[in-house]
């Protein structure tokens, strides 16, 4: 009898294993794979742009400093105007100083991955994404393909830091309980093989290199980029993703973006991406907005204090994006010696302080039937599209113009609970409009003890707020009123 039972258990296990879904190398099959729930629940991640471009760390304000080499290659002028990057480079390094020399200068001598991971954990972020390589092709792990195709040492273990930067951070981040992911550029601006034979580059360089970095570090998410020169068929992306979902060590956990060919964005992939925009409105597909604290992803020494978003602005961006069902991937650009600039640390720590009180209204939430409550009607701005076209959250929170609606709160939901995230202290009362409240509903404010008194008149609910000490707008930036049992 015991033998028979054991046989049946083994048979059931074998059948279950055999029934495991296999993904085919086409978009219909690849897109049928659900985006892992950990990603849609996480809401907040840290992006890191770090490489040889972090040595000059320069770009015209408003541009991407990590595109330094590409800008430099355009020469003294660009579209008839002086090229700021070329002028900076020739003035400080000389006209004949090649970009490749920055690799030797990229030493990362103050790099402390455990400290980085501590900052990220304190920020309240749930995942981290490091540029395993950017468009310059220089890798932050010991890639044999990089050295071979470039014909010289072109990874952080062979030259420069002489250290596995990606591996060290991966271990440190996971030790703090966070998910670790990678950014991976499909193309490389000046890789000799890319310039001479793109099909060979894809077959002999990109595919084996991608499989190597995934197998070594087992990333929980992959932010692919640099896809725009070729179609996904030319990149053979469906083939590569079929391997990722069927054979790789992260086949069940990994979340992927939508940058796998010039035909893919907002059409294919696990989550759609936007950058330096308002994100998406009304999308039922997972999505993520990424941006730096200033104008650049890579550290740009030309940026000044006024170019950086305040901690309040970043918190409101997070709230707004999450209210519409998105994730926020906030970028930092470390220095070439391995430091997170102090202003970036400060912004992250302040976001973490806010999330430590109000994270319940962010993590694991979904978009509600309305995303915002406007001062003069729910649909006015959504119908005109003005809010999405000109995205400055604080314009619609603080600096209202005559006749312009103001956002009174953002909404998120979790189960039967509705969260109204109020971007300023509302005073003695907060009014939630156009809802059907039941007598069993409970109202509270996150971070404050006990329940709040409320009354309903028609479809409006008036909440009596707790007393405020000092200047609330300077202590918390936004407040969360929780309506237990209202999100049905």
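The values are calculated or read from the model by the stated rules, or taken from the named source; none is laboratory data. Computed from a predicted structure; not experimentally measured. With ideal geometry, Cβ positions are generated from the backbone for all residues, glycine too; neighbour counts draw on all protein chains shown.
Residue by residue, here is whether (1) in a helix (DSSP H, G or I); (2) without any contact (Cβ under 8 Å) to a residue 24 or more places away in the chain; (3) buried (at least 22 other Cβ atoms within 10 Å of the Cβ) holds:
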{"residue": "251", "(1), (2), (3)": "no, yes, no"}
{"residue": "259", "(1), (2), (3)": "no, no, yes"}
{"residue": "279", "(1), (2), (3)": "no, no, yes"}
{"residue": "283", "(1), (2), (3)": "no, no, no"}
{"residue": "303", "(1), (2), (3)": "no, no, yes"}
{"residue": "316", "(1), (2), (3)": "yes, no, yes"}
{"residue": "321", "(1), (2), (3)": "yes, no, yes"}
{"residue": "327", "(1), (2), (3)": "no, no, yes"}
Open item on the list: So in the range 114-140, with the set limited to residues that are part of a loop (DSSP other than H, G, I, E, B) and in contact with a helix residue (DSSP H, G or I) (Cβ under 6 Å, 6 or more places away or on another chain), which one is nearest to residue 179 (Cα to Cα)?
Closed with: 126
Task: Test for residue 77: is it closer than 28 Å to residue 275 by Cα and at pLDDT 95 or above - done: no
Open item on the list: Taking the criterion of being within 30 Å of residue 317 (Cα to Cα) and either at pLDDT below 95 or not assigned by TED's automatic domain parsing to the domain that holds residue 388 (or both), would at least one residue in the range 239-253 satisfy it?
Closed with: yes
- [ ] Please find, among 143, 224, the residue that is farther than 19 Å from residue 261 by Cβ and in the same structural domain as residue 269 (by TED's automatic domain parsing).
- [x] 143
Open item on the list: Please determine whether any residue of the range 31-43 is surrounded by fewer than 20 Cβ atoms within 10 Å (Cβ to Cβ), modelled with pLDDT of 95 or more and not assigned by TED's automatic domain parsing to the domain that holds residue 123.
Closed with: no
Task: Single unsatisfied condition, residue 421 versus (1) touching a helix residue (DSSP H, G or I) at 6+ places or on another chain (Cβ under 7 Å); (2) buried (at least 16 other Cβ atoms within 10 Å of the Cβ); (3) at pLDDT below 95 - done: (3)
- [ ] Please verify whether the range 45-59 includes one or more residues that are exposed (fewer than 14 other Cβ atoms within 10 Å of the Cβ) and either touching a helix residue (DSSP H, G or I) at 6+ places or on another chain (Cβ under 9 Å) or in the same structural domain as residue 314 (by TED's automatic domain parsing) (or both).
- [x] no
Task: Residue count for the range 380-398, restricted to those that are part of a helix (DSSP H, G or I), at pLDDT 75 or above and surrounded by 14 or more Cβ atoms within 10 Å (Cβ to Cβ) - done: 7
Open item on the list: Looking at 149, 196 in this structure, which one is farther than 24 Å from residue 270 by Cβ, touching a helix residue (DSSP H, G or I) at 6+ places or on another chain (Cβ under 6 Å) and in the same structural domain as residue 103 (by TED's automatic domain parsing)?
Closed with: 149
Task: Selection count where residues are in contact with a helix residue (DSSP H, G or I) (Cβ under 9 Å, 6 or more places away or on another chain) and within 21 Å of residue 230 (Cβ to Cβ), scope the range 168-193 - done: 10
- [ ] Please specify each residue of the range 188-222 satisfying the condition of being under 15 Å from residue 171 (Cα atoms), part of a helix (DSSP H, G or I) and out of contact with any strand residue (DSSP E or B) (no Cβ under 6 Å at 6 or more places or on another chain).
- [x] 214, 215, 216, 217
Task: Breaking point among (1) farther than 24 Å from residue 33 by Cα; (2) assigned to a helix (DSSP H, G or I), for residue 336 - done: (2)
Open item on the list: Restricting to the range 454-480, and then to whatever is surrounded by fewer than 11 Cβ atoms within 10 Å (Cβ to Cβ) and assigned to a loop (DSSP other than H, G, I, E, B), can you tell me which residue is modelled with the highest pLDDT?
Closed with: 458
Task: Subset of the range 430-452 (residues that are closer than 21 Å to residue 358 by Cβ and loosely packed, with under 12 Cβ neighbours inside 10 Å) - done: 449, 450
Task: Residue that is surrounded by the fewest Cβ atoms within 10 Å (Cβ to Cβ) [pool: residues in the range 170-184 that are in a helix (DSSP H, G or I) and touching a residue at least 40 places away in the same chain (Cβ under 8 Å)] - done: 175
Open item on the list: Against the conditions (1) closer than 22 Å to residue 129 by Cβ; (2) within 20 Å of the chain's Cα centre (by Cα); (3) surrounded by 22 or more Cβ atoms within 10 Å (Cβ to Cβ), where does residue 349 fall short? Just the number, please.
Closed with: (3)
Open item on the list: Residue under question is residue 145, and the condition is that it be outside any helix (DSSP H, G or I), modelled with pLDDT of 95 or more and surrounded by 21 or more Cβ atoms within 10 Å (Cβ to Cβ); does it hold?
Closed with: no
